[in-house]
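A short worksheet on the structure shown next.
The values are calculated or read from the model by the stated rules, or taken from the named source; none is laboratory data. Computed from a predicted model, the values in this text were never measured in an experiment. Heads up, the Cβs are rebuilt from the backbone with ideal geometry, glycines too, and the neighbour counts pull from every protein chain shown.
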Amino acid sequence: MSNKEYKILGKNMQTISLYYGLFLIAWGIVVKIVSGSGSPTALIPSFIGVLISLFAILAIKVPNQKKLFMHIVVTFGLLTFLGGFRVLKNLDNLFADKFWADLSQIMMVLTGALFTYHCVQSFLFVRRNK
């Protein structure tokens, strides 16, 4: 890791992206098991997490294509953030009918926003330090 990289807790964004993808994978699997949901939509965070992890690994393993792969990663991070907004349609009935689905959507909004924010900050950091 170079000193000219944006870091969070000493980790660069490729590593943070890999951790975030693994978190999303685990979240989807745990929620599916705990909720007993038969719906494949319970695994949406896991599907997104697989894609984020895959492109984060590619960014780590193929450094000359890091810019491309990290732009793909932030796109999936933004989709995570936007995908969670579905919870807004149920605000009057939040956690009443579909507790785990609502919790997952809130998690997606919050973590997707934070992740996207840090990705954008990382891109800006690189631009400023060229």
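One table, with the values for the structure above:
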quantity	calculated
Residue identified as surrounded by fewer than 20 Cβ atoms within 10 Å (Cβ to Cβ), in contact (Cβ under 8 Å) with a residue 24 or more places away in the chain and of a type in the set (Gly, Ala, Ser) among Ser35, Ser39, Ser53, Ser122	Ser35
Filtered residues of the range 1-32 (kept if free of Cβ contacts under 8 Å to residues at least 40 places away in the same chain, exposed (fewer than 11 other Cβ atoms within 10 Å of the Cβ) and either among the charged types (D, E, K, R) or in contact with a helix residue (DSSP H, G or I) (Cβ under 9 Å, 6 or more places away or on another chain) (or both))	Met1, Leu9
Residue among Thr116, Thr111 that alone is in contact with a Gly (Cβ under 9 Å, 6 or more places away or on another chain) and within 23 Å of Lys130 (Cα to Cα)	Thr116
Any hit, the range 69-77, residues being surrounded by fewer than 16 Cβ atoms within 10 Å (Cβ to Cβ) and either aliphatic (A, V, I, L, M) or under 25 Å from Val34 (Cα atoms) (or both)	no
Residues (outside any helix (DSSP H, G or I), within 30 Å of Asn129 (Cα to Cα) and out of contact with any Ser or Thr (no Cβ under 7 Å at 6 or more places or on another chain)) located in the range 1-39	Met1, Ser2, Asn3, Lys4, Glu5, Lys7, Ile8, Leu9, Gly10, Lys11, Asn12
Of all residues in the range 50-74 being polar (S, T, N, Q) and either farther than 17 Å from Leu22 by Cβ or not in a helix (DSSP H, G or I) (or both), the one that is farthest from the chain's Cα centre (by Cα)	Asn64
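Let's see how each residue does on (1) modelled with pLDDT under 95; (2) over 12 Å from Cys119 (Cβ atoms); (3) hydrophobic (A, V, I, L, M, F, W, C):
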{"site": "Gly38", "(1), (2), (3)": "yes, yes, no"}
{"site": "Ser46", "(1), (2), (3)": "no, yes, no"}
{"site": "Gly49", "(1), (2), (3)": "no, yes, no"}
{"site": "Ile52", "(1), (2), (3)": "no, no, yes"}
{"site": "Ile57", "(1), (2), (3)": "no, yes, yes"}
{"site": "Leu68", "(1), (2), (3)": "no, yes, yes"}
{"site": "Leu82", "(1), (2), (3)": "yes, yes, yes"}
{"site": "Arg86", "(1), (2), (3)": "yes, yes, no"}
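This table checks each residue for (1) out of contact with any helix residue (DSSP H, G or I) (no Cβ under 6 Å at 6 or more places or on another chain); (2) over 18 Å from Ser53 (Cα atoms); (3) among the polar types (S, T, N, Q).
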site	(1), (2), (3)
Lys67	yes, no, no
Thr75	yes, no, yes
Phe81	no, no, no
Gly84	no, yes, no
Phe99	yes, yes, no
Met108	no, no, no
Ala113	no, no, no
Cys119	no, no, no
Asn129	yes, yes, yes
